[in-house]
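**Q** Take a look at this one; I'll ask things after.
The values are calculated or read from the model by the stated rules, or taken from the named source; none is laboratory data. What you see is a predicted model; the values in this text were computed from it and never measured. Heads up, the Cβs are rebuilt from the backbone with ideal geometry, glycines too, and the neighbour counts pull from every protein chain shown. Heavy atoms of the whole protein, side chains included, go into the accessibility calculation; ligands, DNA and RNA do not. Shrake-Rupley method; radii C 1.70, N 1.55, O 1.52, S 1.80 Å.
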Amino acid sequence: GPGSADEDGDAVGAYAIKRFLTIIPVLVGISFLVFGFIHLIPGDPAVTMLGERATPERVAAVRAQLGLDEPLYQQYLIYLRKVVLGDLGLSILRGDPVLADLLHRFPATVELALSAILLALAIGIPVGIVSAVWRNSLFDGVSRLVALTGVSMPIFWLGLMLAWFFGVELGWLPTGFRLDTDVVISPVTNLYLLDSLLTGNRQALFSTLRHLVLPAVCLGTIPLAIIARMTRASLLEVLSQEYIRTAEAKGLPQRAVVLRHAMRNALLPILTVTGLQVGHLLAGAILTETIFSWPGIGLWVYEAIQARDYPIVQGATLFIATIFVLVNLCTDLLYGAIDPRITYD
């Protein structure tokens with residue numbers, strides 16, 4: 001009736017605001033846990049900065065400068081107040097603002113994570129559909145075995161094997177960094193694929209693609225397997241419904257029954273698991289970026305953990321957690337667009 005669209009829009013807006021407000025205590029809790037666990041790590045940041053031969057007086061002066069001589073609860077409250085003001089602190093080792101470094105490195109991680117999830121969707125969904133339609137066939141058995149292997153395979157082992165085989169033995173693909181050393185790109189967004197297209201730099205585009213293949217395949221293997229398995233399970237459940245048998249009885253082509261009717265109702269679980277995987281990719285890129293020397297947040301955090309650079313680890317963890325929660329919020333809001341039966345009252 002009249003006004004129903006406005007009412008639906010108001011309901012979605014109210015739900016979004018309610019979910020957004022729940023992010024605040026979640027992030028406060030995450031910041032508290034990260035702060036506490038990091039300060040339990042053995043070692044003194046002041047000694048890390050100055051070296052083992054630093055005098056006790058110099059170490060004490062640096063600790064006072066960094067606020068490390070204050071009680072932990074006061075350090076946490078100071079940190080929390082700065083975060084609310086948009087200040088994630090300064091790197092202990094380099095003295096650079098953590099937020100500036102984070103925003104500089106974030107596009108590299110986004111490019112890698114998006115490439116991995118797009119690869120997982122492009123292969124995982126078709127494989128899951130074919131497995132469900134041809135249930136218990138040879139293809140279904142092989143795909144399930146491959147999916148189980150993909151979920152079980154450690155990323156660090158897969159990354160090393162990919163780098164060794166395709167990079168060292170065959171020499172087909174580079175095993176590190178985002179770009180060849182002799183290639184120059186004009187940064188616009190710091191997403192090299194997009195910047196190459198915007199500037200019409202074919203050499204940079206080709207180089208970026210070659211460097212992206214191995215880390216994207218490595219990072220996307222587990223999401224691919226999970227999406228394929230979820231697509232198969234979800235679609236099998238929908239195909240057993242009465243309305244699907246009715247559509248088949250009416251003589252509709254199998255392609256239309258599967259893609260037009262069944263897949264629309266099977267998308268919700270797939271969307272849920274995809275949203276979770278996007279968040280996991282941002283957090284799980286540490287191993288992949290370290291193996292392939294990918295200059296993103298993951299490699300940055302790994303180096304910061306080794307150096308006990310607390311502000312970097314705290315800032316990056318809080319930032320990734322925020323992205324994770326926002327992705328889940330967007331996923332929830334997409335449910336209504338896919339399935340009109342879902343309301344946000």
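**Q** Tell me the carbon and sulfur percent of the accessible area for the chain, rounded to whole percent, probe radius 1.4 Å. Let's see the in-between values first.
**A** On the way: 12590 of 18930 Å².
For the chain, the apolar C and S fraction of the accessible surface comes to 67 percent.
**Q** In whole Å, what are the Cα extents of region 296-339 along the three principal axes, biggest one first?
**A** Result for region 296-339: principal-axis Cα extents of 48, 15, 9 Å.
**Q** Tell me the net charge near Leu148. Cut-off is 14 Å between Cβ atoms, Leu148 excluded, with +1 for each Lys or Arg and -1 for each Asp or Glu. Present the calculation step by step, with values, prior to reporting the outcome.
**A** Working: positive: Arg144, Arg229, Arg232; negative: Asp140.
Summing Lys and Arg as +1 and Asp and Glu as -1 gives +2.
**Q** Further question on the same structure: For Leu90, list long-range residues whose amide hydrogen, built 1.01 Å from N in the peptide plane, is under 5 Å from its own amide hydrogen.
**A** Result for Leu90 returns Val98.
**Q** For the charge dipole of the chain, defined by +1 on Lys and Arg C-beta atoms and -1 on Asp and Glu C-beta atoms about the Cα centroid, which residue among Val47, Ser143, Phe106 has the Cα displaced farthest towards the positive pole?
**A** My answer, from the dipole projection, is Ser143.
**Q** If you don't mind, another one. Per residue, how much accessible area does region 115-158 have with a 1.4 Å probe, in Å²?
**A** For region 115-158, the solvent-accessible area averages 56 Å² per residue.
**Q** Still on this structure: Principal axes first, then extents: for the Cα atoms of the chain, list largest minus smallest coordinate on each axis, whole Å, largest first.
**A** Result, largest extent first: 86, 59, 40 Å.
**Q** Tell me, what HN-Hα J-couplings in whole Hz come from the Karplus equation 6.51 cos²θ - 1.76 cosθ + 1.60 at θ = phi - 60° for each residue of region 96-107, using x for Gly and Pro?
**A** 7, x, 5, 5, 5, 5, 5, 5, 6, 8, 4, x
**Q** From the square roots a ≥ b ≥ c of the eigenvalues of the alpha-carbon gyration tensor of region 186-283, which class results: rounded (a/c under 1.5), prolate (a/b over b/c), or oblate?
**A** Prolate.
**Q** So, for region 171-245, what is the accessible surface per residue at a probe of 1.4 Å, expressed in square angstrom?
**A** Numbers: 3880 Å² over 75 residues.
Here the residues of region 171-245 average 52 Å² of exposed surface.
**Q** Mind checking Rg over Rh on region 208-338, alpha carbons, Kirkwood formula for Rh? Walk me through the numbers on the way to the answer.
**A** Details: Rg = 19.9 Å, Rh = 17.4 Å.
So for region 208-338, dividing Rg by the Kirkwood Rh gives 1.14.
**Q** Another question, then. When the convex hull of the Cα atoms of region 64-155 is projected onto a plane and the area is averaged over all directions, what value comes out in nm²? It would help to have the intermediate numbers written out before the result.
**A** Numbers: hull surface 40.0 nm².
With every direction weighted equally, the projected area is 10.0 nm².
**Q** Continuing with this model, one more query. If one takes the longest principal axis of the Cα atoms in the chain, at what angle in degrees, from 0 to 90 and to the nearest 10, does the Cα axis of helix 4-39 lie?
**A** Between helix and principal axis, roughly 40 degrees.
**Q** How far is helix 138-152 tilted off the main Cα axis of the chain, in degrees rounded to 10, range 0 to 90?
**A** 20
**Q** Report the Stokes-Einstein translational diffusion coefficient (µm² s⁻¹, integer) for region 179-240, Rh taken as the Kirkwood radius over Cα pairs, at 10 °C with viscosity 1.306 mPa s. It would help to have the intermediate numbers written out before the result.
**A** Details: Rh = 14.0 Å.
In µm²/s, the coefficient rounds to 113.
**Q** Now for a different question. Per residue of the chain, what 222 nm ellipticity follows from adding -39500 (n - 2.57) for every DSSP H run with n ≥ 4, rounded to the nearest 500? Don't skip to the end; give the middle numbers.
**A** Details: 13 runs with 248 residues, N = 345.
It lands at -24500 deg cm²/dmol.
**Q** What list of whole percents do you get for P(r) of region 128-197, with Cα-Cα distances grouped in 10 Å bins up to the one holding the largest distance?
**A** 16, 24, 26, 24, 9, 0
**Q** I'd like the GluC sites (Glu not before Pro) in region 52-147 restricted to DSSP loop residues with at most 11 other Cβ atoms within 10 Å, sorted by number.
**A** Glu52
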